[in-house]
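Just so it is clear, none of the values below were taken in a lab; they were calculated from the coordinates. What you are looking at is a predicted structure, and each value in this text was computed from that prediction instead of being measured. Here Cβ is always computed from backbone atoms with ideal geometry, including for glycine, and neighbour counts include all displayed protein chains.
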């Protein structure tokens, strides 16, 4: 089960997210649901369509069990199955 403590070891598909910090100021505040995850990108379903956003340059706020947790993108820049055995 995904919790705020172990979120970096899980797949993010299906979670609601929002970008809280970014090197691209135009996407700060962008929110949606993660519909795809690759090693370096999230595919988000937003109000304005599907957006492909790089993980590494952003901080992501996720909502898990009615709680918020912020994850630094560079710490999750791996495929979900690669994150399982290593430090995130």
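With the chain treated as a Gaussian network of Cα nodes joined by springs under 10 Å, which of 46, 70, 20 yields the largest mean-square fluctuation?
In the Gaussian network model the winner is 46.
Using only helices, what value at 222 nm comes out for the chain when you add -39,500 (n - 2.57) per DSSP H run of length 4 or more and divide by the total residues, to the nearest 500 deg cm²/dmol?
Details: 1 runs with 4 residues, N = 88.
Mean residue ellipticity at 222 nm (helix-derived): -500 deg cm²/dmol.
Going by a ≥ b ≥ c, the root eigenvalues of the Cα gyration tensor, does the range 7-78 fall in the rounded group (a/c under 1.5), the prolate group (a/b larger than b/c) or the oblate group? Display every interim value, and only then the final one.
Working: a/c = 1.20, a/b = 1.10, b/c = 1.09.
Rounded.
Say we join alpha carbon atoms closer than 10 Å with springs in a Gaussian network model of the chain; which of 18, 77, 67 then has the biggest fluctuation?
67
Please say if the range 40-88 is rounded, prolate or oblate, where rounded means a/c under 1.5 for a ≥ b ≥ c the square roots of the C-alpha gyration tensor eigenvalues, and otherwise the choice is prolate for a/b larger than b/c and oblate otherwise?
Working: a/c = 1.91, a/b = 1.29, b/c = 1.48.
The shape class here is oblate.
Which ordering of 13, 34 is given by a fewest-first count of other beta-carbon atoms within 10 Å?
Numbers: 13 13, 34 19.
Starting with the residue having the fewest Cβ neighbours, the order is 13, 34.
List the relative contact order of the range 7-78 as a percent without decimals, with contacts defined as Cα pairs under 8 Å and 6+ residues apart.
Values: 145 pairs, mean separation 20.5, N = 72.
Averaging sequence separation for qualifying contacts and normalising by length gives 28 percent for the range 7-78.
Using a Gaussian network for the chain with springs between C-alpha atoms less than 10 Å apart, which of these wobbles most: 29, 73, 49?
49
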